[in-house]
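Everything on this sheet refers to the single structure shown next.
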Amino acid sequence: MHKEILVLLNKTQYTQAFNLVVKSYNQRLYWHIRRMVVNHDDADDVLQNTFLKVWRALPNFRSDANIYTWLYRIATNESLTFLQKKRQDMNFEDYANTVAKNLEADAFFDGDEIQLKLQKAIASLPEKQRVVFNLRYFEEMNYREMAEVLETSEGALKASYHHAAKKIEAFFKED
Amino acid sequence: MSDFKHIENNPKLKQNAFKVPENYFENLEARLQSIAKEDVKVVPISKPKSYARVWSIAASFALLFAASWYFWPNEPIENPVELSAEDVASLSANGFLYNAETFFLESVSLEELDQIVLTENDYSDYFEITQPDALEDYYLETDI
């Protein structure tokens, strides 16, 4: 798929390349964003902004880069920007409590008690730790790819995941 | 970390607990693909659409410069030279300097001089005008 997209980009067939990117990655990026922002409507908005950025940046895409990590990077940055804007008037603890309450009343959350508890624990993590945890735990992305997406070292990511795991473990022990 | 292994290795926890509205993914692809059709490309002001515009502006300036250079009066610049009294005397002796009288006599022939007839009024006007008290009145009357 990556090669097909690159061929279309080399022929400057940007619309066709974009359509192929949407077809190949729309669901994966939706779920990545959804795990970050939790609410479906918010995820839909962030996903649209993500693809708008992708469309505008596609002609400048470097052929030596990996399209999959490039898309994840845009989606992650859009999600972080959205979350920072959303909680700008709240302290982190209040924000985490609000997310937890909304999740309980969310018609599009189908998890059982232990899954709800895990989501509450993830909501209590700082945003960047949450990205690292989600990419590693749910999407099982390796550290090398994560380092490309988040533009940081593998060592820093391992440390970040370790801290996130400790916090989640502590959250489970509390109740 | 041993307690976290219990969480990490729990397949139930790794399952997706979120749902989407019905038919959401069926419409999503078409909706996202419409971004490419609807998005109007923003062209920054500082970046011209093509080089043709840049070249036309450059050519206009070049033409304007060439025209002004071609039509500009091509007079040499005279440097003012300060002359000493000796220089003036020397130049005058060699006929290089003219005073007004010499110029007048050389450029007007005797025939032309004969044709210049001054009337009595011309003289009286001249003497009246050259009186200091009359000068102011003269200038006021003649609106110079």
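The values are calculated or read from the model by the stated rules, or taken from the named source; none is laboratory data. Just so we're clear, the structure is a prediction, and the values are computed from it rather than from any experiment. Glycine gets a Cβ as well: all are built from the backbone with ideal geometry, and neighbour counts include every protein chain shown. What goes into the accessible areas is simple: the full protein's heavy atoms, side chains included, and nothing from ligands, DNA or RNA. Shrake-Rupley method; radii C 1.70, N 1.55, O 1.52, S 1.80 Å.
Take each residue of peptide A:159-165, count the partner chain Cβ atoms within 10 Å of its Cβ, and average: the result is 1.
Ignoring aspartates and glutamates fewer than eight residues from A:Lys53 along the same chain, the ones with Cα atoms less than 17 angstrom from its Cα are A:Asp42, A:Asp44, A:Asp45, A:Glu78, B:Glu29, B:Glu38, B:Asp39.
Accessible area of chain A with a 1.4 Å probe: how many percent of it is carbon plus sulfur? Ligands and nucleic acids excluded, carbon and sulfur give 45 percent. Binning the C-alpha pair distances of the range A:124-164 at 10 Å intervals from 0 yields a P(r) profile of 34, 63, 4 %, listed from the shortest bin outward. Note on B:3-10: average number of Cβ atoms from other chains within 10 Å of each residue's Cβ is 5. So which of A:Lys120/B:Lys19; A:Lys3/A:Lys85; A:Lys11/B:Lys19; A:Lys23/A:Lys85; A:Lys167/B:Lys14; A:Lys120/A:Lys158 end up more than 27 Å apart, counting from Cα to Cα? Exceeds cut-off: A:Lys3/A:Lys85; A:Lys11/B:Lys19; A:Lys23/A:Lys85. Give me the summed buried accessible area for the A-B pair, 1.4 Å probe, to the nearest 100 Å². The summed interface area works out to 3500 Å². Taking a ≥ b ≥ c as the square roots of the Cα gyration tensor eigenvalues, with a/c under 1.5 meaning rounded and otherwise prolate when a/b beats b/c, else oblate, which class fits the range A:8-116? Prolate is the answer for the range A:8-116, as a/c is 1.5 or above and a/b outweighs b/c. Taking every protein chain into account, the 1.4 Å probe leaves A:His163 with about 100 Å² of accessible area, to the nearest ten.
A 1.4 Å probe run over the protein chains yields, for the range A:7-95, 48 Å² of accessible area per residue, whole-number rounding. Averaged over the residues of A:133-141, the number of partner chain Cβ atoms lying within 10 Å of the residue Cβ comes to 1.
In the range A:54-175, a dipole from Cβ-located charges (positive for Lys and Arg, negative for Asp and Glu) runs towards its positive end, and of A:Tyr161, A:Ala147, A:Ser63 it is A:Ser63 whose Cα lies farthest in that direction.
Could you list the trypsin sites (Lys or Arg not before Pro) in the range A:27-101 that lie in coil according to DSSP, counting only those with at most 12 other Cβ atoms within 10 Å of their Cβ? List each step's numbers first, then the result.
Details: sites: A:Arg28, A:Arg34, A:Arg35, A:Lys53, A:Arg56, A:Arg62, A:Arg73, A:Lys85, A:Lys86, A:Arg87, A:Lys101; in loops: A:Arg62, A:Arg87.
Loop-located and lightly packed - A:Arg62.
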